[in-house]
Amino acid sequence: MAQRVTTGAGLIDRTLIAYARGPEHPSKIRTIRWLIRRLAAGRVRIHYASGTTITIDPADYIGWAILRTGYYEPASLGLALRIVAATPGLFVDVGANFGWYSCAVAAIARARVIAIEPDCANCAALRANLAANGFRNAVIVNVAAGAYFEAARMIRRAHGNSGTVMIDPGGATGAFEGDWVATAPLDILLGRIVIPPVRPILIKIDVEGFEPQVLAGLDFTGPFRPRNIIMEYEPALSEAVWGGFAGVQAFFADRGYEVLNVDGGPVIPGHALTESNIWARER
């Protein structure tokens, strides 16, 4: 399923996008941001995927990338859409952010979506984007998936980038600052929501280095064993938690999965991954 470049949902949106993607000139960034604040209240509505409408925040790193280029992780999103379209079923989006993947997949006939997002601001945007499309096949879980039930502090690695919201890797206790959220095992979350149990066609995990804890909360021998996983693998974060790519590969191999690039090719150690994501496919 090829990914189309995003287009504006209204006249003002289309005009702002055309200007943002047009010829460069001095002060262009400052001008486009001023126009977006004045003409669109800081938000731009776009059509993407199968005509899905979503609202982006161009002040955010991901929103700015979409505004300027028309895409965000096109290979990974395209893979997710192909997997679910081929066998429509349950898609679990762990670290859903504002719904870039969840909304696109929810537009697929007979797909069901569980969008898990712990950050309150991201979750509000996610809820608004799903509601704007009238999707009745998607539910939102405002919690962090983890290995146990516990309290954890949220931090943001980079200001202005909603995609860098993460669980404090230091495991802070007694810190009377920041936002605290509950973590819960994925297996238990799915067990309360998906009745009777069905295997996810795809789980997408993008949780800024918290991936091992998310996977620890999933019983790979149980009813929610996924057929596919698309997971962020960013060396700056993942090397420390996985002990290198060999650790990731061994983890999935032990559970009956092969690890590929999101373009379907082999992962070659020392070479850059496509969009810093990997695809674990059941053998």
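Some observations on this one:
- Flag for Arg157 being of a type in the set (Lys, Arg) and crowded, with 16+ Cβ neighbours inside 10 Å: no
- Looking across the stretch 166-181 at every residue that is over 17 Å from Val241 (Cβ atoms) and in contact (Cβ under 8 Å) with a residue 40 or more places away in the chain, the one that is surrounded by the most Cβ atoms within 10 Å (Cβ to Cβ) is identified as Val181.
- Meets criteria (in contact (Cβ under 8 Å) with a residue 60 or more places away in the chain and in a helix (DSSP H, G or I)) for Ile54: no
- Flag for Glu282 being among the acidic types (Asp, Glu), under 29 Å from Ile140 (Cβ atoms) and more than 19 Å from the chain's Cα centre (by Cα): yes
For (1) in contact (Cβ under 8 Å) with a residue 60 or more places away in the chain; (2) in contact with a Leu (Cβ under 7 Å, 6 or more places away or on another chain), each residue gets a yes or a no:
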{"position": "Leu81", "(1), (2)": "yes, no"}
{"position": "Gly99", "(1), (2)": "no, yes"}
{"position": "Arg110", "(1), (2)": "no, no"}
{"position": "Val113", "(1), (2)": "no, no"}
{"position": "Asn129", "(1), (2)": "yes, no"}
{"position": "Asn133", "(1), (2)": "yes, no"}
{"position": "Val141", "(1), (2)": "no, yes"}
{"position": "Gly146", "(1), (2)": "yes, no"}
{"position": "Phe149", "(1), (2)": "no, no"}
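- From Gly22, Gly8, residue being on the phi < 0 side of the Ramachandran plot, over 18 Å from the mean Cα position of the chain (by Cα) and buried (at least 16 other Cβ atoms within 10 Å of the Cβ): Gly8
The numbers here are math on the coordinates, done by the rules we state, and not lab data. All values derive from a computational prediction rather than experimental measurement. Every residue, glycine as well, gets a Cβ built from its backbone with ideal geometry; the counts of neighbours run over all protein chains shown.
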